[in-house]
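I have placed the structure first, in the form of structure tokens, so that the comments after it can refer back to it.
Every number in this text was worked out from the coordinates using simple rules, so none of it is lab data. Only a predicted model underlies this, so the values are computations on that prediction, with no experimental measurement involved. When we count neighbours, we look across all protein chains shown, and the Cβ atoms used for this are built from the backbone with ideal geometry, even at glycine.
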Amino acid sequence: MLAPWTTLLGYSPALLNGLWLTASMSVLAFAFAFALGVAGALGRRSRIAPLRWAGATYVETIRNTPVLLQLFMIYFALPEFGIRLGAFEAGAAALAINAGAYLTEIIRAGLQAVPRGQLEAARSIGLGPGDTFRSVVFPQALRYVYPPVVSQFIQVILGSSLVSQIALKEITNAAQTINSQTLLTMHVFAIALVLYLLLSNVTAVLADVVGRNAFKPPLVPRRKGGAPSMRDQLLAMVRGG
Amino acid sequence: MGWQGIFESSGILFTGLVNTLLLSVASIATGTTLGLIVALLRTARIRGLGLPLRLYLEIFRGSPLLVQMLFIYFGAAYLGIRGVDTFMAALTALTLYEGALISEIFRAGIEAVPRGQREAARSLGLSRYQIERYVILPQTVPIVLAPLVGQYIGLVKDTALATAIGYFELVREGQAIIDRIGMPIETFIVIAGIYFMICYPMSLAARRLETRALHA
């Protein structure tokens, strides 16, 4: 009964290494994705038409083709142009470019939601366009977009499993390797599943804590009756409620 | 650039396209059915079903589709369940994963219908089935249509993951072509173009449905 688990205990270094690769690649990819998202949103709202077209083309091509294909293009096709990336770099780049397209639309909607009067008021007290964006418009947009941005980050974590297909030894790839070596299929994939569930739920809880403390006034998730979600229960546990 | 080689491989690409469409259409049908059933069961607040259904949602939305697919494909072989080929494993994984996401779309739609509608229908003496079928669900249609189409776009793209378990859809056929004739850039561009031609019209439809829902 316990034998499979003790066997798998011997593989914990590979799994922990996989966990580290998944987490670090996701964080790196998300940082670049967010920067791409801000740039893309500014491009789509720009007064310069070619920038708007570039933004729209980026969003539409990326959102209407599979991430796996984007990953394969970067990893297998770019070397034809002399750009040779390692699996980690290619994975992070593909995830960043993909999530960046979704974040472009999210951030664009957030910027659009900031009342025009805010911008006009900031300009009329003498702030330049850069300062207006940095200290008036963007912080307010961030409030609106925080929840969808967090779920996009979780999508990046889950999507990073695809990088297993270009042989990066992250969680999914480690699980596949261990499966082929031990044939303990159910146990191995159950562990992989739990690792991802841990990553996504811990991220969600941390993001909630940050959301409630980093913003003034604090962000309070909207709830419309019904049973509290598991995330809320976890949060209550974390805060000792 | 040798586009000629790709043109000569169009038969292989066509097989891949057919397999991608087959898996997409089948998963849309099963995923939507499962999503609707789960949403109805959840909104009906049936005792004892709440926790298992929420567990189902948390697990399938909180883990990668790829892991679910590998789990189902290799797990079925491990358990000795016969008849689970690459298509069946991919279909099962897509159904369970997309079903979880689609159920949340339906649930939001059902909860958006004013309570009074349900109460009025009940006071008219309609049965539970009649209430859902003739009063509630028709009113959710304009609300759920746009996000549903959006979800289907994601589903079509997600079928590409079936390449990992060896299902011969577009991406895998593309790799087969590259193995034979090289030219990864041209091949991947053609495949990306095929996906785009399927998904972009769906995106436009979703956008149109969304603006229509806003003005309704």
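Details
- Of the residues making up region B:159-188, those that are under 21 Å from residue B:29 (Cβ atoms) and among the β-branched types (Val, Ile, Thr) number 2.
Table: residues versus (1) farther than 24 Å from residue A:66 by Cβ; (2) in contact (Cβ under 8 Å) with a residue 40 or more places away in the chain; (3) within 10 Å of chain A (Cβ to nearest Cβ); (4) assigned to a loop (DSSP other than H, G, I, E, B).
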position: B:35; (1), (2), (3), (4): no, yes, no, no
position: B:39; (1), (2), (3), (4): yes, yes, no, no
position: B:51; (1), (2), (3), (4): yes, no, yes, no
position: B:56; (1), (2), (3), (4): yes, yes, no, no
position: B:92; (1), (2), (3), (4): no, no, no, no
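- Residue in region B:191-203 that is closer than 26 Å to residue B:28 by Cβ and more than 11 Å from chain A (Cβ to nearest Cβ) present: no
- Any hit, region B:146-163, residues being surrounded by 16 or more Cβ atoms within 10 Å (Cβ to Cβ), under 30 Å from residue B:70 (Cβ atoms), in contact with a Lys or Arg (Cβ under 7 Å, 6 or more places away or on another chain) and within 11 Å of another protein chain (Cβ to nearest Cβ): yes
- Any hit, region B:125-133, residues being within 28 Å of residue B:209 (Cβ to Cβ) and touching a Leu at 6+ places or on another chain (Cβ under 6 Å): no
- Scanning region B:109-128 turns up at least one residue that is small (Gly, Ala, Ser), closer than 30 Å to residue B:20 by Cβ and in contact with a helix residue (DSSP H, G or I) (Cβ under 9 Å, 6 or more places away or on another chain).
- Within region A:186-197, the presence of at least one residue that is crowded, with 20+ Cβ neighbours inside 10 Å, part of a helix (DSSP H, G or I) and not hydrophobic (A, V, I, L, M, F, W, C) is confirmed.
- Exclusive hit being surrounded by fewer than 18 Cβ atoms within 10 Å (Cβ to Cβ) and outside any helix (DSSP H, G or I), set B:214, B:126, B:204: B:126
- Within region A:149-171, tally of residues that are more than 10 Å from chain B (Cβ to nearest Cβ) and touching a Ser or Thr at 6+ places or on another chain (Cβ under 6 Å): 2
- Scan of region A:49-92 for residues that are more than 11 Å from every other protein chain (Cβ to nearest Cβ) and in contact (Cβ under 8 Å) with a residue 24 or more places away in the chain, ordered by number: A:55, A:58, A:87, A:88, A:90, A:91, A:92
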